[in-house]
1. Quick check, is SER91 touching a Ser or Thr at 6+ places or on another chain (Cβ under 9 Å) and either aromatic (Phe, Trp, Tyr) or at pLDDT below 95 (or both)?
2. Return the pair list, or none, for Cβ contacts closer than 7 Å from residues in segment 71-82 that are at pLDDT 90 or above to residues that are open to solvent by 90 Å² or more (accessible area, probe 1.4 Å) and of a type in the set (S, T, N, Q), at least 6 apart or on different chains.
3. Might you let me know whether segment 143-166 holds any residue that is touching a helix residue (DSSP H, G or I) at 6+ places or on another chain (Cβ under 7 Å), surrounded by 20 or more Cβ atoms within 10 Å (Cβ to Cβ) and at pLDDT below 90?
4. Contact list please: Cβ distance under 7 Å, first residue in segment 264-290 and over 21 Å from ASP245 (Cα atoms), second residue charged (D, E, K, R) and open to solvent by less than 90 Å² (accessible area, probe 1.4 Å), pairs at least six apart or on different chains.
5. Taking the condition of being open to solvent by 70 Å² or more (accessible area, probe 1.4 Å) and either more than 21 Å from LYS237 (Cα to Cα) or at pLDDT below 85 (or both), how many residues in segment 271-290 meet it?
Amino acid sequence: VKYEALKLYAESHLRLLQAELEEERAQARQRLQEWGRERLAREGAALFELSAMAKEKLYSDNVVRLDLRGVLLPFHRFAAGDLVTISPTESNGPLPPPPEAGFSLLRPDARSGARAARGAEEDGEYPDLAAPSLGSIDGAVLSRSQRFIDVCVRPRSTEEAATVARLGGGAGRWRLDAAISAVPYDRMALALAEFTETTSATPAEDALQNYVVRSFCAPDAAAAAGDTPPPLGAALKPPKAALADAAERAKLDDAQRRALAASFARALSLVQGPPGTGKTRTACAIALATSLTAAP
């Protein structure tokens, strides 16, 4: 029964991830098909008339530096880790991917929904924005500054090797286009795969699985099994001592302590903030306060 519940849990969330991935692909198609150069530049989705030069390799990857010959780069949204496409500046950039193309987190031959992630990792099936046009190559942003963007590229054909040679030799002018990144989706799918693994769960992992499954099951199914989902959020009603203990042990600041208290003041809470503001630390404190309150 638990295996089937975990399988349903994983497959339900994988469908949500797949829908979000398809939405991002649709936005990329629309951007490439409908936006002109002026809008691409205005929205920070592309840079044009870039010069290129080779930098030191990063392991087996070539590193290309793109700049405007020392001039400050205009507004753009490129950041470290982003997947990008480099192509001649006079080209139309990467080709828009057809709606039916691309990677799927859902695999019909998988043992369960969660196994989709592991199968994709083994097969190397990750989504590209598109097959690059002639003279183009895909890469990932390594670093950036106000005056340049360094991109890691790895040629997969003789044509792409020739493109890397042109880039490294400083020939031509280039454009840089944003591409779809499957990394967040892949990581979430892999997390689901690990979480729903039942063969080697530790006692702590087994307890967490039971807690999540009981929360996820429909009320009638839980009642039929003689069980009820555990209280969450405001229904849990942790004592002030538990909140104070969790905040102290997690070393929360004032803003994080307010977020911790607010998460138990309503049925559903959203904790948000830019990188480095302590969202993960706050989430750990919420889990700790829940554990302190729900423990027998």
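1. When the stated conditions are applied, SER91 passes them.
2. As it stands, the answer is LEU72/GLN146; LEU73/GLN146, since those pairs meet every condition given.
3. Scanning segment 143-166 turns up no residue that is touching a helix residue (DSSP H, G or I) at 6+ places or on another chain (Cβ under 7 Å), surrounded by 20 or more Cβ atoms within 10 Å (Cβ to Cβ) and at pLDDT below 90.
4. Cβ pairs passing all conditions: GLY273/LYS279.
5. Qualifying residue count, segment 271-290: 6.
This table checks each residue for (1) touching a residue at least 24 places away in the same chain (Cβ under 8 Å); (2) within 18 Å of GLN146 (Cβ to Cβ); (3) touching a Lys or Arg at 6+ places or on another chain (Cβ under 9 Å).
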| residue | (1), (2), (3) |
| --- | --- |
| ARG25 | yes, no, no |
| ALA28 | yes, no, no |
| GLU34 | no, no, no |
| GLU56 | no, no, no |
| GLU90 | yes, no, yes |
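The values are calculated or read from the model by the stated rules, or taken from the named source; none is laboratory data. Only a predicted model underlies this, so the values are computations on that prediction, with no experimental measurement involved. Note: ideal-geometry Cβ built from the backbone for every residue, glycine included; neighbour counts use all protein chains shown. The area values use the complete protein model at the heavy-atom level, side chains included, leaving out ligands, DNA and RNA. Shrake-Rupley method; radii C 1.70, N 1.55, O 1.52, S 1.80 Å.
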